[in-house]
Amino acid sequence: MTAIDPTAHLTAEQIEELGRELDAIRDEVIASRGEKDAAYIRKVIAAQRKLELVSRGVLLFSMFPPAWLIGTAGLSVAKIMDNMEIGHNILHGQWDWMRDPKIHSTTWEWDHVSPADQWKHSHNELHHTYTNVVGKDNDLGYGIMRVDEDQKWHPFHLGQPLWNFLNACFFEYGIAAYDLELGRNLSKHRRKNPEFRARAKAVGRKIRKQVLKDYVIHPLLSGPSFLPTLAATFTANLVRNLWSHSVIMCGHFPEGVQVFERRSIKGETRGQWYLRQMMGSANISGSKAMHFMTGNLSHQIEHHLFPDLPSNRYAEVAVKVRALFEKYELEYVTGPLPKQVFSAWRKVFRLSLPNRKPEVETPDREQELVAA
C-alpha cells in the first residue's frame with residue numbers, strides 16, 4: 001500500500017517466470033529430503049527434552065541463587081526450542097514426509113496455551129495464505145495495531161506501543177486470543193455460536209493444563225523451593241514470549257516490508273502469490289545459533305515462500321532466493337536482530353500517531369522559499 005509500487009517494473013510474464021523458478025527451488029529440496037534431515041529433527045527434539053528435564057531438575061533446588069539462574073536460563077531456552085524450531089515447524093507439516101506418527105502435524109501438541117489445531121487454522125491457513133493483507137491476515141498487527149498509513153487512525157492507536165508491549169509479555173495468550181478471533185466473536189450473538197463456544201472451551205482446557213504443569217505441579221515438587229520455582233517458570237515463559245514476539249515482529253513489520261489491500265489479491269496467480277510473500281516478509285541476519293533459536297524464522301522470506309520445507313534447509317535456499325531478488329531488482333529486506341527490532345518498534349510508534357497533513361504552500365510561504 002506504499003505510494004510507489006516496488007514491483008511495478010515487472011511484467012506479468014516476468015512474475016510468472018519468477019514463480020516457476022521458485023517452484024524449481026522447492027522441487028529440488030523436496031527431492032533431496034532424506035535421513036540426514038530426519039536425524040536433524042530427532043536430535044533437536046531429544047536435546048530439547050533433555051534440556052527441559054535437567055533444567056526442571058535444577059530448579060528443585062532453586063532456593064539457591066546459582067540453581068535458580070541456571071535452571072531458569074535452561075528452561076527459557078528449552079521453551080524457545082519447543083515453540084520455535086520444533087512446534088512451529090512440525091505443525092507446518094515440514095516433517096510429515098517422514099511418516100513418523102510421533103513427529104507429525106496431525107498429532108503434535110506443543111508447550112503453548114493455544115491448541116495446535118486452532119493455531120494451524122489461523123496461522124497456516126489464514127496468515128500464510130493472506131500474508132500482510134489488511135483485514136485478512138490476523139497476524140498483521142495482531143488486531144490491536146495500525147499497520148499502514150492508509151488505515152484510518154483512531155485515538156485508540158495512541159496506545160499501540162503499550163498494547164504491543166503487553167502482547168509481547170503475554171504473547172502465547174495473545175496468540176490464543178486471536179486464534180479465537182475474539183475481536184469479532186465477543187458480541188452477544190457470536191458468543192452463542194456453538195463452534196466458537198467449543199473452540200473457547202478447548203482453549204480453556206489447554207490453559208488449565210499449562211497452568212497446572214508450570215505453576216502448580218512443578219513448584220509443588222520443589223518443596224521448600226516452591227516460590228523460587230514459581231518465579232523461575234514465570235520468567236522462562238516471559239523470556240520465551242518476548243523472544244518469539246520479537247522474531248515474528250521482525251519478520252513482517254520492519255520498514256521496507258509491504259502491506260497489501262484486499263482488492264490486490266483478487267485473481268492472484270501463483271507467481272503473484274510468491275511475489276507478495278517476498279515483499280511482505282523480512283529476514284534477520286546472524287549466526288547459526290541465532291538462526292536456530294529463531295526456529296529458522298530468521299529466514300522469514302524463505303519460510304513464507306516454502307512453509308512446508310524442513311527448516312534446516314532454509315539457509316541453503318536463502319542463497320538462491322536472494323539471487324532471484326537481485327535478478328528481478330527487488331529489495332531483500334534483512335538486517336541484524338537489533339536493527340530489525342528497532343525498525344519494527346519505530347514503525348509501531350510512528351503509526352500510533354495520525355498522519356501528518358501535507359504542508360499547504362501559501363503565497364507568503366512561496367515567497368519565503370523563493371527568497372531563501
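Please determine, by comparing only the residues of the stretch 239-272 that are open to solvent by 50 Å² or more (accessible area, probe 1.4 Å) and assigned to a helix (DSSP H, G or I), which one is nearest to residue 73 (Cα to Cα).
Ranking the candidates gives 239 first.
Go through (1) in a helix (DSSP H, G or I); (2) closer than 22 Å to residue 255 by Cβ; (3) modelled with pLDDT of 95 or more and name the single condition residue 331 misses.
Failing condition for residue 331: (1).
Give me the pairs, please: first residue somewhere in the stretch 213-226 and at pLDDT 95 or above and small (Gly, Ala, Ser), second residue anywhere and crowded, with 20+ Cβ neighbours inside 10 Å and assigned to a helix (DSSP H, G or I), beta-carbon distance under 6 Å, and either six or more positions apart or on two chains.
222/229
Evaluate the stretch 99-113: report whether one residue or more is in a helix (DSSP H, G or I) and open to solvent by less than 50 Å² (accessible area, probe 1.4 Å).
Within the stretch 99-113, the first condition is being in a helix (DSSP H, G or I), and the residues that meet it are none.
No, that holds for no residue.
Please name all residue pairs, on different chains or six or more residues apart, with Cβ atoms under 7 Å, provided the first residue is in the stretch 306-318 and is under 21 Å from residue 270 (Cβ atoms) and the second residue is part of a helix (DSSP H, G or I) and open to solvent by 10 Å² or more (accessible area, probe 1.4 Å).
306/26; 309/26; 314/299; 317/25; 318/299
Output the residues belonging to the stretch 121-143 that are among the polar types (S, T, N, Q) and part of a loop (DSSP other than H, G, I, E, B).
If the condition is that a residue be among the polar types (S, T, N, Q) and part of a loop (DSSP other than H, G, I, E, B), then 129, 131, 132, 138 are the ones that fit.
Condition test on residue 236, is it modelled with pLDDT of 95 or more, open to solvent by less than 40 Å² (accessible area, probe 1.4 Å) and in a helix (DSSP H, G or I)?
Working: modelled with pLDDT of 95 or more: yes; open to solvent by less than 40 Å² (accessible area, probe 1.4 Å): yes; in a helix (DSSP H, G or I): yes.
For residue 236, the condition - modelled with pLDDT of 95 or more, open to solvent by less than 40 Å² (accessible area, probe 1.4 Å) and in a helix (DSSP H, G or I) - is met.
Out of 292, 306, which single residue is open to solvent by less than 30 Å² (accessible area, probe 1.4 Å) and aromatic (Phe, Trp, Tyr)?
Numbers: 292 fails: open to solvent by less than 30 Å² (accessible area, probe 1.4 Å).
Unique residue meeting the criteria: 306.
Of all residues in the stretch 27-54, how many are touching a residue at least 60 places away in the same chain (Cβ under 8 Å) and surrounded by 15 or more Cβ atoms within 10 Å (Cβ to Cβ)? Before you say what the answer is, go through the steps one by one.
Residues of the stretch 27-54 touching a residue at least 60 places away in the same chain (Cβ under 8 Å): 29-30, 33, 37-38, 40-42.
Filter once more, keeping what is surrounded by 15 or more Cβ atoms within 10 Å (Cβ to Cβ): 29, 33, 37-38, 40-42.
Looking only at that region, the number is 7.
Got a sec? Which of 80, 25, 70, 30 is more than 26 Å from the chain's Cα centre (by Cα), assigned to a helix (DSSP H, G or I) and among the aliphatic types (A, V, I, L, M)?
On the way: 80 fails: more than 26 Å from the chain's Cα centre (by Cα); 25 fails: more than 26 Å from the chain's Cα centre (by Cα); 30 fails: more than 26 Å from the chain's Cα centre (by Cα).
Sole residue among the options that is more than 26 Å from the chain's Cα centre (by Cα), assigned to a helix (DSSP H, G or I) and among the aliphatic types (A, V, I, L, M): 70.
Which one of the conditions (1) at pLDDT 90 or above; (2) open to solvent by 80 Å² or more (accessible area, probe 1.4 Å) does residue 172 fail to meet, given that it meets all the rest?
With (1) at pLDDT 90 or above; (2) open to solvent by 80 Å² or more (accessible area, probe 1.4 Å) applied to residue 172, the lone miss is (2).
Could you list all residues from the stretch 319-338 that are over 23 Å from residue 269 (Cα atoms) and without any contact (Cβ under 8 Å) to a residue 60 or more places away in the chain?
319, 334, 336, 338
Being in contact with a His (Cβ under 8 Å, 6 or more places away or on another chain), assigned to a helix (DSSP H, G or I) and either among the polar types (S, T, N, Q) or under 28 Å from residue 264 (Cβ atoms) (or both) is true for just one of 118, 210. Which residue is that? Please lay out each step first, then the result.
Values: 118 fails: in contact with a His (Cβ under 8 Å, 6 or more places away or on another chain).
None of the others qualify; the one that does is 210.
The values are calculated or read from the model by the stated rules, or taken from the named source; none is laboratory data. In this text, all values refer to a predicted model and were calculated from it rather than measured experimentally. Please note: Cβ atoms are built from the backbone with ideal geometry, for glycine as well, and neighbour counts cover all protein chains shown. Quick note on the areas: whole protein, heavy atoms, side chains included, nothing else; ligands and nucleic acids left out. Shrake-Rupley method; radii C 1.70, N 1.55, O 1.52, S 1.80 Å.
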